[in-house]
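To start, the structure under review is shown below, and the notes come after it.
The values are calculated or read from the model by the stated rules, or taken from the named source; none is laboratory data. Quick caveat, the model's predicted, so the values are computed rather than measured. FYI the Cβ positions are ideal-geometry reconstructions off the backbone, even for glycines, and counts take in every protein chain you see. To get the accessible areas, we keep the full protein, side chains included, count just its heavy atoms, and leave off ligands, DNA and RNA. Shrake-Rupley method; radii C 1.70, N 1.55, O 1.52, S 1.80 Å.
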Amino acid sequence: MTTLADNDLRLYQKFQGMTPGDFRRLCKIGTWQKAANDHILTTEGSALQQLYYVVEGEIEVKKGQRVIPVKAGIFIGEVAYLKKSPASATVVAKAGSHYISWSHDELKKIVARHDTLRQSLGNLLSADLALKVANS
């Protein structure tokens, strides 16, 4: 069974460039979950209050009539977080997926107080978006 410490370690390995202190701050306000069944993370056109990062498992992205299977290791809801806009797609974490979520409000508070966290999170989100664009 995967423990919280294992999840944190795997996430830290993905968040290269983030200081250990900033990573601890981010994890402190995050909520780890494991999808027992398929779980809808976002609904296209609906407001979002959470930013997600899927560490392990499969994700299904539905945009309009297209359904795109995606592997873990990506943020979900980053465009809505950055632009303060509704979700651009419906995203389902498939059963067994491990992910962490952060409240938009909590994230905004913490990045306002910690410049290095704001910068490193911004870099991670930018890299994630660039990878998604390159793979689309």
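Let's see how each residue does on (1) at negative phi; (2) of a type in the set (Lys, Arg); (3) outside any helix (DSSP H, G or I); (4) surrounded by 14 or more Cβ atoms within 10 Å (Cβ to Cβ):
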{"site": "ALA5", "(1), (2), (3), (4)": "yes, no, no, no"}
{"site": "LEU9", "(1), (2), (3), (4)": "yes, no, no, no"}
{"site": "ARG25", "(1), (2), (3), (4)": "yes, yes, no, yes"}
{"site": "GLN33", "(1), (2), (3), (4)": "yes, no, yes, yes"}
{"site": "LEU41", "(1), (2), (3), (4)": "yes, no, yes, yes"}
{"site": "TYR52", "(1), (2), (3), (4)": "yes, no, yes, yes"}
{"site": "SER85", "(1), (2), (3), (4)": "yes, no, yes, no"}
{"site": "ALA112", "(1), (2), (3), (4)": "yes, no, no, no"}
Exercise for the section: Could you tell me which of the residues ASP105, ASP128 is more than 14 Å from the chain's Cα centre (by Cα), of a type outside the set (Lys, Arg), under 14 Å from LEU51 (Cα atoms) and not in a loop (DSSP other than H, G, I, E, B)? Expected result: ASP105
Exercise for the section: Answer yes or no as to whether LEU124 is open to solvent by less than 70 Å² (accessible area, probe 1.4 Å), under 25 Å from MET18 (Cβ atoms), touching a residue at least 40 places away in the same chain (Cβ under 8 Å) and in contact with a helix residue (DSSP H, G or I) (Cβ under 8 Å, 6 or more places away or on another chain). Expected result: no
Exercise for the section: Determine if the range 59-67 includes at least one residue that is modelled with pLDDT of 95 or more, of a type in the set (Asp, Glu) and either open to solvent by 30 Å² or more (accessible area, probe 1.4 Å) or within 12 Å of the chain's Cα centre (by Cα) (or both). Expected result: yes
Practice task
Please tell me if ALA95 is over 23 Å from MET18 (Cβ atoms) and aliphatic (A, V, I, L, M).
Solution key: yes
Exercise for the section: Please tell me if VAL79 is open to solvent by 30 Å² or more (accessible area, probe 1.4 Å) and more than 20 Å from TRP102 (Cα to Cα). Expected result: no
